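The structure under discussion appears below in the form of C-alpha cells.
The values are calculated or read from the model by the stated rules, or taken from the named source; none is laboratory data. Nothing here was measured: the structure is a model prediction, and the numbers come from that model. When we count neighbours, we look across all protein chains shown, and the Cβ atoms used for this are built from the backbone with ideal geometry, even at glycine. The protein model used for the area step is the full one, side chains on, heavy atoms only, and it has no ligands, DNA or RNA in it. Shrake-Rupley method; radii C 1.70, N 1.55, O 1.52, S 1.80 Å.
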Amino acid sequence: MALERPLERAFAALDADIADHPPAGVASCAPLATQHATAPAIRAVTVQELAGMHFKPRAEILAPWLHSQDLCMVFAARGIGKTHFCLAAAFAIATGGTFAKWSAPRPHKVLYLDGELPGALMQKRLLMHVPDVEPAPGFLRVFTPDLLPDGTAMPDISTPEGQAAIDAMIEPDTEVLFIDNLSAWARTGRENEGESWQPVGEWLLTLRRRGIAVVLVHHAGKGGQQRGTSKREDLLDVVIGLGRPQDYDPTQGAVFVAEFTKARNLAGTDAESLELALGGDEDQATWTYRTVEASTYDRVVALAKEGLSQSEIAAELEINKSNVSRHLRKARELGDVPPEAKR
C-alpha cells in the first residue's frame with residue numbers, strides 16, 4: 001500500500017480547515033494606505049511551507065463567471081448596452097439574485113463607479129433595474145461625476161493620487177468594484193501603449209490581493225475587440241464582449257450577444273454565449289435570454305421556411321454551411337421544417 005507523503009497530507013488538510021486570514025509571512029490584505037511606508041522585503045517559501053499555509057478560498061459572487069479576486073472586463077461598442085448589462089449584474093450581486101442564467105449565492109457589497117452619465121440619468125438607469133427585492137442599505141453604493149464638488153476633477157486611476165481617491169471610497173467589506181468606463185477613469189498616457197496600462201494594472205493587483213473582484217467596463221475598437229492595448233487582457237480572468245446578432249434589425253430594440261472571449265476557469269455550458277434582450281420600460285426593465293446556439297437554430301429554421309438555400313442561409317447569418325446543415329438536420333428530425341426532398 002502506498003504511503004501518504006507529508007505534502008499530500010498538508011494539501012489535503014486545506015480542504016478541511018481554511019482560515020479567513022493568511023498567516024504571518026503572507027502579504028497583508030489591508031489597503032495600501034494603511035500599510036507602512038517602507039514595505040517589508042518579499043520572500044519565497046518552500047513547497048512544504050506553502051502546503052501548510054491557509055489562504056482564503058475564492059468565493060462565488062455571480063456564478064459561474066465572477067469570483068472573489070477576479071479581474072474582469074465587459075466591452076462593447078457605444079450604444080450596445082454595456083452599462084445596462086453591468087447595472088443588472090450589480091443588482092444581482094448586491095441582492096443575492098439572478099441575472100440571465102447567472103446567480104449570486106448571497107448578497108455581496110458592491111461599489112459602482114460611473115464616470116460619464118449625468119446624475120439624473122444614472123438615477124433613471126438604476127430605477128429601471130431595481131429588482132423586486134431591493135439591496136440592503138449599503139450593499140450597492142454608486143458614484144456619479146455629479147457628486148464631485150465644484151472645481152474638483154475626476155480621479156484618474158492611472159495616477160497614484162487617483163488610485164488613492166478611489167481607495168478612500170472602498171469600504172473594508174466591499175467585495176466587488178465596477179469601473180464604468182475605463183476611458184473615463186484612466187486618462188493618463190496613450191490607450192494603445194502597454195506602458196501606459198502598467199500603473200493601472202499594478203493597482204488592480206493590489207485590489208485583488210485585498211480580495212476585491214473588479215469589473216472594468218470598456219469600449220470596443222473599430223475591429224470589434226476591446227479598444228487599446230491587448231496587454232490589458234493579460235491580467236484578466238474573464239473578458240465578455242457584447243455585440244449585435246449577425247442579422248440584427250434595429251426594430252428588435254436592445255438585443256445583443258454576450259460572448260466570453262476569455263474565461264480562465266470556465267468550460268462547457270458555463271462558457272457558452274448568450275443572446276440577451278432588454279425589454280420593459282423606463283420604470284421597470286425586463287431581461288430575456290437564450291443561448292446563441294438556440295438563437296441560431298431559430299434563425300436557420302425561419303430562413304429555411306422563407307425558401308433560402310443552405311448556402312444563402314450561411315451567407316445571411318455569416319456562419320459555416322456545416323452549421324446550417326446541422327441545424328436543418330435537427331429541424332427535420334423535430335418536424336420544424338419539411339423533410340428534404342428526395343432526388
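Selection of the stretch 171-206 for residues being touching an Asp or Glu at 6+ places or on another chain (Cβ under 8 Å), open to solvent by 30 Å² or more (accessible area, probe 1.4 Å) and not in a loop (DSSP other than H, G, I, E, B) yields only S183.
Yes or no, residue by residue, for (1) among the aliphatic types (A, V, I, L, M); (2) at pLDDT below 95; (3) over 20 Å from E259 (Cβ atoms):
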position	(1), (2), (3)
M53	yes, yes, yes
K56	no, yes, yes
L62	yes, no, no
H67	no, no, no
M73	yes, no, no
I80	yes, yes, no
F85	no, no, no
A90	yes, no, yes
I93	yes, no, yes
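Quick one: which of T269, T296 is over 30 Å from Q198 (Cα atoms), surrounded by 16 or more Cβ atoms within 10 Å (Cβ to Cβ) and modelled with pLDDT under 95? That would be T296, the only listed residue that is over 30 Å from Q198 (Cα atoms), surrounded by 16 or more Cβ atoms within 10 Å (Cβ to Cβ) and modelled with pLDDT under 95.
Within the stretch 156-170, being among the small types (G, A, S) and either within 22 Å of the chain's Cα centre (by Cα) or open to solvent by 10 Å² or more (accessible area, probe 1.4 Å) (or both) holds for S158, A164, A165, A168.
One line per residue, one yes/no per condition, for (1) touching a residue at least 12 places away in the same chain (Cβ under 8 Å); (2) over 30 Å from L121 (Cα atoms):
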| site | (1), (2) |
| --- | --- |
| F256 | yes, no |
| E259 | yes, no |
| W287 | yes, no |
| T291 | yes, yes |
| A302 | no, yes |
| E318 | yes, yes |
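Test E193 against the criterion of being in contact (Cβ under 8 Å) with a residue 24 or more places away in the chain and of a type in the set (D, E), and give yes or no. Criteria met by E193. Hey, does the stretch 159-181 have a residue that's out of contact with any helix residue (DSSP H, G or I) (no Cβ under 7 Å at 6 or more places or on another chain), among the hydroxyl-bearing types (S, T, Y) and either touching a residue at least 60 places away in the same chain (Cβ under 8 Å) or within 16 Å of S68 (Cα to Cα) (or both)? Yes, the stretch 159-181 contains a residue that is out of contact with any helix residue (DSSP H, G or I) (no Cβ under 7 Å at 6 or more places or on another chain), among the hydroxyl-bearing types (S, T, Y) and either touching a residue at least 60 places away in the same chain (Cβ under 8 Å) or within 16 Å of S68 (Cα to Cα) (or both).
Restricting the stretch 96-111 to residues that are of a type outside the set (G, A, S) and over 20 Å from R141 (Cβ atoms) leaves a set whose member that is surrounded by the fewest Cβ atoms within 10 Å (Cβ to Cβ) is P105.
Tell me yes or no: at least one residue of the stretch 80-95 is under 17 Å from A184 (Cα atoms), touching a residue at least 60 places away in the same chain (Cβ under 8 Å), of a type in the set (K, R) and open to solvent by 10 Å² or more (accessible area, probe 1.4 Å). Checked against the condition, which is being under 17 Å from A184 (Cα atoms), touching a residue at least 60 places away in the same chain (Cβ under 8 Å), of a type in the set (K, R) and open to solvent by 10 Å² or more (accessible area, probe 1.4 Å), the stretch 80-95 yields at least one hit. Applying the condition of being touching a residue at least 12 places away in the same chain (Cβ under 8 Å) and open to solvent by 30 Å² or more (accessible area, probe 1.4 Å) to the stretch 60-79 and asking which residue is farthest from the chain's Cα centre (by Cα) yields R78.
What tally of residues in the stretch 248-261 results from selecting those that are farther than 19 Å from A100 by Cα and either of a type in the set (S, T, Y) or part of a strand (DSSP E or B) (or both)?
Of the residues in that region, 2 qualify.
State yes or no: is G241 under 30 Å from V200 (Cβ atoms), touching a Ser or Thr at 6+ places or on another chain (Cβ under 6 Å) and assigned to a strand (DSSP E or B)? So G241 passes the test. For the stretch 313-343, a residue qualifies if it is acidic (D, E) and surrounded by 15 or more Cβ atoms within 10 Å (Cβ to Cβ), and the qualifying residues are E316, D336.
Report whether or not I166 is in a loop (DSSP other than H, G, I, E, B) and either of a type in the set (G, A, S) or modelled with pLDDT of 95 or more (or both). For I166, the condition - in a loop (DSSP other than H, G, I, E, B) and either of a type in the set (G, A, S) or modelled with pLDDT of 95 or more (or both) - is not met. Evaluated against (1) open to solvent by 40 Å² or more (accessible area, probe 1.4 Å); (2) in a helix (DSSP H, G or I); (3) within 20 Å of E171 (Cβ to Cβ); (4) of a type outside the set (D, E, K, R), L121 falls short on exactly one condition, (3).
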